[in-house]
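Student: One structure is given below, represented as C-alpha cells, and several questions about it will come after.
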Amino acid sequence: SSLVSLLESAINKKPQIEQMANKLSEYFSSIILGLAFVTFVVWWLWPHSFETSFMIGISVIVIACPCALALATPVATLVGLSLGASRGILFKEAAQLETMAKIDTLVLDKTGTITVGKPEVIKEKIYKEYDKSILYSLVKSSNHPVACGIAEYLKDEIGIGEYILDEYSQIPASGIVAKYKDNKLLGGNLKLINDNSISFEYISNNTIFYFVVNNEVLAIYELSDKIKADAKTLVDSLNDRDINIVMLTGDNEKIAKKVADEIGITEYKSEQTPKDKSDYIQNLHKDGKKVVMVGDGVNDILALANADIGIVMGSGSDIAVDIGDVVLLNNSLISLVDAFKISRTTYGLIKQNLGISLVYNAITIPLAMAGYVIPLVAAISMSVSSLLVVGNSMRIRYKWNKG
C-alpha cells in the first residue's frame, strides 16, 4: 500500500518541463482568441460577409490546439512511470524522470549495492582464547553487514549466548565500542584500533574484523562479499552512455581497488565516512555535475539526500528507502540501467511532443487566418494533432520492446 501511495503521488507531481508547457498553454489560449478576433475584423473590413469572416475566425480557434501542447508532457510521463513500475523501478515523483535524464555522474556505494551485502567469514585467527559469547553479544546488536556476517558465523557454535553490554555505541566507518564487566570491548576495522592507539599489523585483501579486549587483539576474522553478477554489465552499459561512474566505500584501499578493478570502475574512494560521501557529492555539484547516488544503508542517507537523484535498493534500510527518490524494488543493477533508459527515452519524447505541437500550430494557424481551412477540416486537424502527441508518447513502450 505504501508503494501504491508513492506511485499515485508521483503521477501528481509535475516535471519542470510540464510546468513550462502548462504556463505556455495559459497564454496560448488568450493569444489564439486575440488572433481569431483580429482575423474576423480584418476579413470583415476587407470587405467580406459577416458569415465568411465569422467562419474564418472560428476556424482559427478550432484549428489551434493547446490541448496537444498540454498533453505533450503528462502522457509521456505517465507512460514512463508505468513502464518503470512494470520493471520494478519506482519513481517517487514524475519530475525525477526529467532530472535523471540530465544526469552525467553516477556514485555507487559498494556494500549492498555493487556487492551482495552479506559478507561471510572465510577465515578465523584466534590469538588468545576468549568467551565467544562476548563477541556475539557485541556484533548481534549491529545491523552493519560485517557485524551481521560475524554474528551469522558465531550463532551456531556450541554454548553461544548473549550478554548485556554497557556503554554500547557504533562508530561510523570504524566499528563498535562497548563494556562488559569493566572490560573495554572493540570490534571493527583497522581504523578503529589505530584510533585507540593499538599497534597491530595484519595484511589481507579481504575485509578484516578485529576483536579487541582491553587493548589486546584476541581474534581476527576475514570476510568476503560476493560482487553482484550484473555489476560489470552496469558499468559497461553506463560507460557507453557517457556517464562517469564513481565508487565510494568505507572499506580499505585494497578491497576498494580489488572490487573496482574487477568490474571496471576507474574512479573510487576508500575509507569513506557518511559525511565524506556527502561532501564528495557536494564537491561534484560545485563542479557543475548532475549526480545520482545509489546506496542501501543508513550510512548512505546523507549522500542520498544531497544527490540530485537518490536511488535505493528495495532491500535497503527503511530510512534509506524513505529518503531515496527512486526505489529499485528487485535490487537488480540492471534495473538501474533500465531507469536511465526510461528517463532519457521519456524526456526525449516529451521534447518531440512539444516540437510536434509547436510546429503544427505554427503551420496551421496562419493557414486558417488566410482562409484556407474550413471549421470542419480545422476540427479534424486539431484532433489529429492530439492523437499524434498521444501516439508518439506510446512509442516509449515500442522503443523499449525494440531494445
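The values are calculated or read from the model by the stated rules, or taken from the named source; none is laboratory data. Remember, predicted model here, so these are calculated numbers, not experimental data. Every residue, glycine among them, receives a Cβ derived from its backbone with ideal geometry; neighbour counts consider all protein chains shown. SASA here: full protein model, heavy atoms, side chains in, ligands and nucleic acids out. Shrake-Rupley method; radii C 1.70, N 1.55, O 1.52, S 1.80 Å.
Student: When you scan the stretch 99-114, do you find a residue that is surrounded by fewer than 19 Cβ atoms within 10 Å (Cβ to Cβ), under 31 Å from the mean Cα position of the chain (by Cα) and not in a helix (DSSP H, G or I), even just one?
Tutor: yes
Student: Sticking with this one: For residues that are open to solvent by 10 Å² or more (accessible area, probe 1.4 Å) and of a type in the set (A, V, I, L, M, F, W, C), scanning just the stretch 308-336, find the one that is modelled with the highest pLDDT.
Tutor: For the stretch 308-336, the residue satisfying everything is Ile334.
Student: Further question: Six or more apart or on different chains, Cβ atoms under 9 Å: show the pairs whose first residue is in the stretch 264-285 and touching a residue at least 60 places away in the same chain (Cβ under 8 Å) and whose second is in a helix (DSSP H, G or I) and basic (Lys, Arg).
Tutor: Taking only residues 6 or more apart or on different chains, the pairs are Glu271/Lys191.
Student: Could you tell me which of the residues Leu71, Leu135 is in a helix (DSSP H, G or I) and within 30 Å of Ile365 (Cα to Cα)?
Tutor: Of Leu71, Leu135, the one residue that is in a helix (DSSP H, G or I) and within 30 Å of Ile365 (Cα to Cα) is Leu71.
Student: List the number of the failed condition for Val321; all other conditions in (1) over 14 Å from Met247 (Cβ atoms); (2) of a type in the set (A, V, I, L, M, F, W, C); (3) in a loop (DSSP other than H, G, I, E, B) hold.
Tutor: With respect to (1) over 14 Å from Met247 (Cβ atoms); (2) of a type in the set (A, V, I, L, M, F, W, C); (3) in a loop (DSSP other than H, G, I, E, B), Val321 is out only on (3).
Student: Among the residues of the stretch 115-132 satisfying the criterion of being of a type in the set (Ser, Thr, Tyr) and assigned to a loop (DSSP other than H, G, I, E, B), which is surrounded by the most Cβ atoms within 10 Å (Cβ to Cβ)?
Tutor: Tyr130
Condition check ((1) more than 22 Å from Asp251 (Cβ to Cβ); (2) among the acidic types (Asp, Glu); (3) under 30 Å from the mean Cα position of the chain (by Cα)) across all residues:
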| residue | (1), (2), (3) |
| --- | --- |
| Asn143 | no, no, yes |
| Asp182 | yes, yes, no |
| Leu186 | no, no, no |
| Ile220 | no, no, no |
| Leu223 | no, no, yes |
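Student: Another question about this same structure. Determine which single condition Arg344 fails, assuming it passes every other condition in (1) closer than 30 Å to Val116 by Cβ; (2) free of Cβ contacts under 8 Å to residues at least 60 places away in the same chain; (3) not acidic (Asp, Glu).
Tutor: All conditions pass for Arg344, except number (2).
Student: Just give me the residues in the stretch 80-96 being open to solvent by less than 40 Å² (accessible area, probe 1.4 Å) and closer than 20 Å to Asp322 by Cβ, in sequence order.
Tutor: Across the stretch 80-96, the qualifying residues are Leu81, Gly84, Gly88, Ile89, Leu90, Phe91, Lys92, Ala94, Ala95, Gln96.
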